[in-house]
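The values are calculated or read from the model by the stated rules, or taken from the named source; none is laboratory data. Note that the structure is predicted; figures quoted are calculated from it, not measured. Cβ placement follows ideal geometry from the backbone for every residue including glycine, while neighbour counts extend to all protein chains displayed.
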Amino acid sequence: MIRIPLTDLGAAEYRGFTGGLYPSGQNLRPATYEKTGVAIGATVQPVNGDGKASTSGRIVMLSIGMSNASREFLQFTRLADTDARRNPNLVMIDAARNGAAATDIALPFGDYWKHVDSQLQRCDVSAAQVQVVWLKAALAHEPHGFPEKARLLQRALRSIVGILSTKFPQLKLVYVSSRIYGGYSETDLSSEPIAYESGFAVKWLIEERINNPIHDRSMPWVSWGPYLWADGQTPRSDGLIWERSDFEQDGVHPSAQGVLKVATILLEFFQNEITARRWFFSPTV
């Protein structure tokens, strides 16, 4: 079956499910939902260890997810550090972890969250200073097909967002990305169509939030981070492709070239994301 990137699929369907990043095959957020995100993004500000506003405080942005997310986010932080416009109060911390499946991260008292706590301690920041998360998680070896496996991932992502809101009382924004291309995989961990179909899990998670507006302000606003999937060397409408050289020998983990590609996409996303303008850049920009 032909797999078309969600951004190009639009109102057409894949196995009975509409494409697009957002409802009705659209790639743009509904206006009301975006307005809410912009308003919430505007409340992100430097805070001290107790979560109180402070000009000398910090805005902590975490990565949550598996090994690929860790490598990509670390490179993203290096690129962001070269941008003179970046907010000096913004602290980006990689809390993704090798081998962490979404179902493991979805366990509120599991080892993964001990790892997250240790990363915060290492950087001398508190849970009250975490306000932004980039979430990229995937299932490990699950026997289900589509849409069952995507629904399982959706439920895990939902649980993860719930854990994040409990652990981080000041969390405002969660940006979610799905997997990059899996067609070069030498294992069944991230082969196709699993990698492609993981995009539907993120899409459905976000649609769920759009259709159920936030009334509890302890819950963060959730939206797409960059959508990273393209069908190998078949160009997406924006030109994105994935070459074999973008991956290590296992075909699952991105090579240095692939990591740089994702990190660059991440940087461009946050540089242009309307809900991030008030906190990603220096207030003087």
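General remarks:
- Qualifying residue in the range 134-143 (condition: among the basic types (Lys, Arg), under 15 Å from Leu62 (Cβ atoms) and not in a loop (DSSP other than H, G, I, E, B)): yes
- Scan of the range 44-69 for residues that are surrounded by fewer than 20 Cβ atoms within 10 Å (Cβ to Cβ), farther than 14 Å from Val130 by Cβ and either of a type in the set (S, T, N, Q) or at pLDDT below 95 (or both), ordered by number: Ser54, Thr55, Ser56, Ser67
- Just one of the listed residues (Glu243, Glu192, Glu273, Glu268) is charged (D, E, K, R) and in contact with a strand residue (DSSP E or B) (Cβ under 9 Å, 6 or more places away or on another chain), and it is Glu273.
- Beta carbons closer than 6 Å, at least 6 apart along the sequence or on distinct chains, pair a first residue in the range 1-15 that is at pLDDT 95 or above with a second that is of a type in the set (Asp, Glu) for Arg3/Asp231.
- Top-ranked residue of the range 49-80 - restricted to ones that are of a type in the set (Ser, Thr, Tyr) and out of contact with any Gly (no Cβ under 8 Å at 6 or more places or on another chain), ranked as nearest to Thr264 (Cα to Cα): Thr77
- Where His215 falls short, out of the listed (1) modelled with pLDDT under 95; (2) at positive phi: (2)
- Index of the failed condition, Ala128 passing every other in (1) touching a residue at least 60 places away in the same chain (Cβ under 8 Å); (2) within 16 Å of the chain's Cα centre (by Cα): (2)
- The one condition in (1) at pLDDT below 95; (2) over 26 Å from Glu248 (Cβ atoms); (3) crowded, with 24+ Cβ neighbours inside 10 Å that Ser190 fails to fulfil: (2)
- Selected residue (only one of Val202, Val222 is surrounded by 22 or more Cβ atoms within 10 Å (Cβ to Cβ) and part of a strand (DSSP E or B)): Val222
- Residues in the range 169-215 that are among the hydrophobic types (A, V, I, L, M, F, W, C), more than 22 Å from Ala140 (Cβ to Cβ) and touching a residue at least 60 places away in the same chain (Cβ under 8 Å): Leu173, Ile206, Ile210, Ile214.
- Selected residue (criterion: modelled with the lowest pLDDT) from residues of the range 144-171 that are part of a loop (DSSP other than H, G, I, E, B) and out of contact with any strand residue (DSSP E or B) (no Cβ under 7 Å at 6 or more places or on another chain): His144
- Among the residues of the range 12-32, those that are under 18 Å from Trp229 (Cα atoms), outside any helix (DSSP H, G or I) and of a type outside the set (Ser, Thr, Tyr) comprise Ala12, Glu13, Arg15, Phe17, Gly19, Gly20, Leu21, Gln26, Asn27, Leu28.
- Note on the range 37-47: residues that are more than 15 Å from Glu207 (Cβ to Cβ) and either among the β-branched types (Val, Ile, Thr) or not in a loop (DSSP other than H, G, I, E, B) (or both) amount to 7.
- Check on Thr18, without any contact (Cβ under 8 Å) to a residue 40 or more places away in the chain, within 23 Å of Gly199 (Cβ to Cβ), β-branched (Val, Ile, Thr) and surrounded by fewer than 21 Cβ atoms within 10 Å (Cβ to Cβ): yes
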